[in-house]
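Trainee: The structure that follows is given in the form of structure tokens.
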Amino acid sequence: MKKTFFSILCLLGIMLSACGAGAHYYNKKANDSISTAIYQELGEDIYYQGKYVTDTDNVTVYEYLFFEEQDGQLANLLKTINAVLQQQGSKDKLAIMCFVKIPGGLASVCRLDNYSDNREGISAENPSIQNLRIWGASDIPYTIYNNPAVYSDLQDIKHLTISYDMATITERDNIDWHEYFPDLETLEIIPEEPYN
């Protein structure tokens with residue numbers, strides 16, 4: 001009987017881990033000027049998940065998890081990064097991927113970057129983060145990052161790309177992104193992907 005009960009507990013533990021229920025996330029140690037500044041400003045509010053450099057276009061991509069979602073944390077993140085970029089005068093291509101927890105793992109909700117390779121007349125790198133991409137998450141309706149108002153206090157956004165899901169939300173709520181971002185120059189909507 002004891003052996004059977006123990007076997008059931010072990011099997012349950014394996015199933016929970018496989019489903020992500022047993023996943024543990026932690027704040028990795030800051031390892032450069034940007035991640036150090038973010039840790040000093042936001043502390044344990046967001047978790048640094050690491051960084052990597054893409055092979056094709058040499059973009060340094062930082063990954064952050066909003067472990068406990070709070071209003072204002074994205075604006076503080078952006079402000080901190082821009083302060084470092086301006087202080088250093090950096091022209092490196094940089095992207096910040098922002099994640100939230102979902103059952104079974106993580107989901108990316110938005111991306112900030114300081115470069116644009118596909119717009120005529122814009123330099124490859126900007127001195128600050130000016131591009132925002134919002135995916136929204138129709139499968140996780142409870143995240144605050146599905147609410148357009150969460151992005152309204154971001155400064156200096158000139159180029160915005162939103163998913164079909166976020167476009168549906170903004171149309172429903174009658175949101176004008178130009179009111180949120182007075183300097184907005186481009187707004188692109190990613191079309192809905194057809195299911196096969």
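Let's see how each residue does on (1) of a type in the set (Lys, Arg); (2) open to solvent by 10 Å² or more (accessible area, probe 1.4 Å); (3) modelled with pLDDT of 90 or more:
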{"site": "Asn76", "(1), (2), (3)": "no, yes, yes"}
{"site": "Ile81", "(1), (2), (3)": "no, no, yes"}
{"site": "Leu94", "(1), (2), (3)": "no, no, yes"}
{"site": "Val100", "(1), (2), (3)": "no, no, yes"}
{"site": "Arg111", "(1), (2), (3)": "yes, yes, yes"}
{"site": "Arg119", "(1), (2), (3)": "yes, yes, no"}
{"site": "Ala124", "(1), (2), (3)": "no, yes, no"}
{"site": "Ile129", "(1), (2), (3)": "no, no, yes"}
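Trainee: Need the failing condition index for Ala107 against (1) at pLDDT below 85; (2) open to solvent by 10 Å² or more (accessible area, probe 1.4 Å); (3) among the small types (Gly, Ala, Ser), just the number.
Mentor: Single failed check for Ala107: (1).
Trainee: Could I ask something else about it? Look at Gln70 and say whether it is assigned to a loop (DSSP other than H, G, I, E, B) and under 15 Å from the mean Cα position of the chain (by Cα). Don't jump to the end; show me each part of the working.
Mentor: Numbers: assigned to a loop (DSSP other than H, G, I, E, B): yes; under 15 Å from the mean Cα position of the chain (by Cα): yes.
When the stated conditions are applied, Gln70 passes them.
Trainee: Does Asn174 satisfy being over 19 Å from Asp71 (Cβ atoms), among the polar types (S, T, N, Q) and open to solvent by 70 Å² or more (accessible area, probe 1.4 Å)? Talk me through it step by step, then tell me what you get.
Mentor: Numbers: over 19 Å from Asp71 (Cβ atoms): yes; among the polar types (S, T, N, Q): yes; open to solvent by 70 Å² or more (accessible area, probe 1.4 Å): yes.
In short, yes.
The values are calculated or read from the model by the stated rules, or taken from the named source; none is laboratory data. All values derive from a computational prediction rather than experimental measurement. As a convention, Cβ positions derive from the backbone with ideal geometry for all residues, glycine included, and neighbour counts pool all protein chains shown. Areas reflect the complete protein model, heavy atoms only, side chains present, ligands, DNA and RNA absent. Shrake-Rupley method; radii C 1.70, N 1.55, O 1.52, S 1.80 Å.
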